[in-house]
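Notes follow once the structure below has been shown.
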Amino acid sequence: MFTQVQASVEILSPVPVSGKCSEKDYERLFIRDPEVKAREGKMAYVRPEYHERIMRITRVIGHDRLTLSAYIDHVLTHHFNQCEDAIKSLYARNYNSVF
């Protein structure tokens with residue numbers, strides 16, 4: 001069963017998919033206050049080396065003011081914005097209705 005959730009999310013200008021991201025773009029996209037409080041989300045497991053890397057990023061670049069949950073939320077928001085069309089297309093192609 002799916003639950004529909006409405007949220008207001010600020011859509012930031014995407015970084016070109018070239019694989020490179022400027023420092024300014026990185027801070028604007030990922031090192032900022034979260035739109036959703038961590039307690040409103042769900043738990044997910046992250047491989048230990050990524051957890052350590054993210055914790056270093058949030059501590060140093062985020063000056064200990066950015067939570068791991070907020071950072072991951074920003075990364076996923078950016079990913080979904082960049083890949084939305086591909087995700088929708090793949091989902092439609094692979095979805096088989098139960099009825």
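Where a number appears in this text, it was derived from the coordinates with a stated rule and is not lab data. Just so it is clear, the model here is predicted, and its values are computed rather than measured. Cβ placement follows ideal geometry from the backbone for every residue including glycine, while neighbour counts extend to all protein chains displayed.
Give me the residue from segment 84-99 that is part of a loop (DSSP other than H, G, I, E, B) and among the aromatic types (F, W, Y) and, out of that set, nearest to E52 (Cα to Cα). Quick ask: steps written out before the conclusion?
Residues of segment 84-99 that are part of a loop (DSSP other than H, G, I, E, B), as a first pass: 95-99.
Now narrow it down to the ones that are among the aromatic types (F, W, Y): 95, 99.
Details: Y95: 36, F99: 44 Å.
Filtering segment 84-99 for residues that are part of a loop (DSSP other than H, G, I, E, B) and among the aromatic types (F, W, Y), the one nearest to E52 (Cα to Cα) comes out as Y95.
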For segment 35-64, enumerate the residues that are farther than 18 Å from K24 by Cα and outside any helix (DSSP H, G or I). E35, V36, K37, G41, K42, M43, A44, Y45, V46, R47, D64
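Considering each residue of segment 30-44, count those that are closer than 16 Å to R65 by Cβ and surrounded by 10 or more Cβ atoms within 10 Å (Cβ to Cβ), and give that number. Reasoning before the result, please.
Within segment 30-44, the subset closer than 16 Å to R65 by Cβ is 30-35, 37-38.
Right, trim to surrounded by 10 or more Cβ atoms within 10 Å (Cβ to Cβ) and you get 30-32, 34-35, 37-38.
Residues that pass the stated criteria total 7.
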Please go through segment 65-83 and give me each residue that is surrounded by 14 or more Cβ atoms within 10 Å (Cβ to Cβ), of a type in the set (D, E, K, R) and outside any helix (DSSP H, G or I), ordered by number. none
Which pairs turn up if I take residues in segment 33-61 that are without any contact (Cβ under 8 Å) to a residue 12 or more places away in the chain and look for partners that are surrounded by 11 or more Cβ atoms within 10 Å (Cβ to Cβ) and assigned to a loop (DSSP other than H, G, I, E, B) with beta carbon separation below 9 Å, at least 6 apart in sequence or on another chain? R59/L66
